[in-house]
1. First compute the accessible area of the chain with a 1.4 Å probe, then give the percent of it belonging to carbon and sulfur atoms.
2. Calculate how steeply helix 31-41 sits against the longest principal axis of the alpha-carbon atoms of the chain, using the helix alpha-carbon long axis, and give the answer as 0 to 90 degrees to the nearest 10.
3. For percent of Cα pairs over 21 Å apart, several values are listed as (1) 60; (2) 22; (3) 19; flag the one computed from this structure.
4. So with the 1.4 Å probe, I'd like the accessible area per residue for the chain, rounded to whole Å².
5. Would you mind working out the magnitude of the charge dipole of the chain relative to its Cα centre, with +1 at each Lys and Arg C-beta and -1 at each Asp and Glu C-beta, to the nearest 20 Debye?
6. Nearest 500 deg cm²/dmol is fine: what mean residue ellipticity at 222 nm does the chain get from its DSSP H runs of n ≥ 4 alone, each adding -39,500 (n - 2.57), divided by its residue count?
7. To the nearest 10 square angstrom, how much accessible area does Glu58 have with a 1.4 angstrom probe?
8. Which one of Leu34, Ala55, Leu8 is farthest out on the positive end of the charge dipole of the chain, using unit charges on Cβ (Lys, Arg +1; Asp, Glu -1) and the Cα centre as origin?
Amino acid sequence: MMKIRVRLFARAKDLAGSETIGVTLPERATAGDLRRQLAVECPALAGMLPRSALAVNEEFADDALPLPADARVALLPPVSGGSR
């Protein structure tokens, strides 16, 4: 098993009530596995997870990406707003 700490930003941080969430995953877990476990660990995030980006070690990650045990992960919710 490996423990991954996920940094949260913007609306994700507000919904979770925290800047980080710790998630325990099996070895060889993928970014998609992490996304699914985040929905279990913090159901308030479940609705935004399919539209949010995951960054692993400062690179946007596809759900198929295997996570290294020492991964630095950030959850980036979709951005909206602004005016013309």
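1. Here it works out to 52 percent.
2. On a 0 to 90 degree scale, this one is about 70.
3. Answer by label: (2).
4. Working: 5200 Å² over 84 residues.
Ligands and nucleic acids excluded, the figure is 62 Å² per residue.
5. 260
6. Here the helix-only value at 222 nm equals -6000 deg cm²/dmol.
7. So the heavy atoms of Glu58 present about 140 Å² to solvent.
8. Checking the options against the dipole of the chain, the answer is Leu8.
The values are calculated or read from the model by the stated rules, or taken from the named source; none is laboratory data. Since this is a predicted model, take the numbers as computed values, not measurements. All Cβ positions, glycine included, derive from the backbone under ideal geometry; neighbour counts span all protein chains shown. For accessibility, only protein heavy atoms count, side chains too; no ligands or nucleic acids. Shrake-Rupley method; radii C 1.70, N 1.55, O 1.52, S 1.80 Å.
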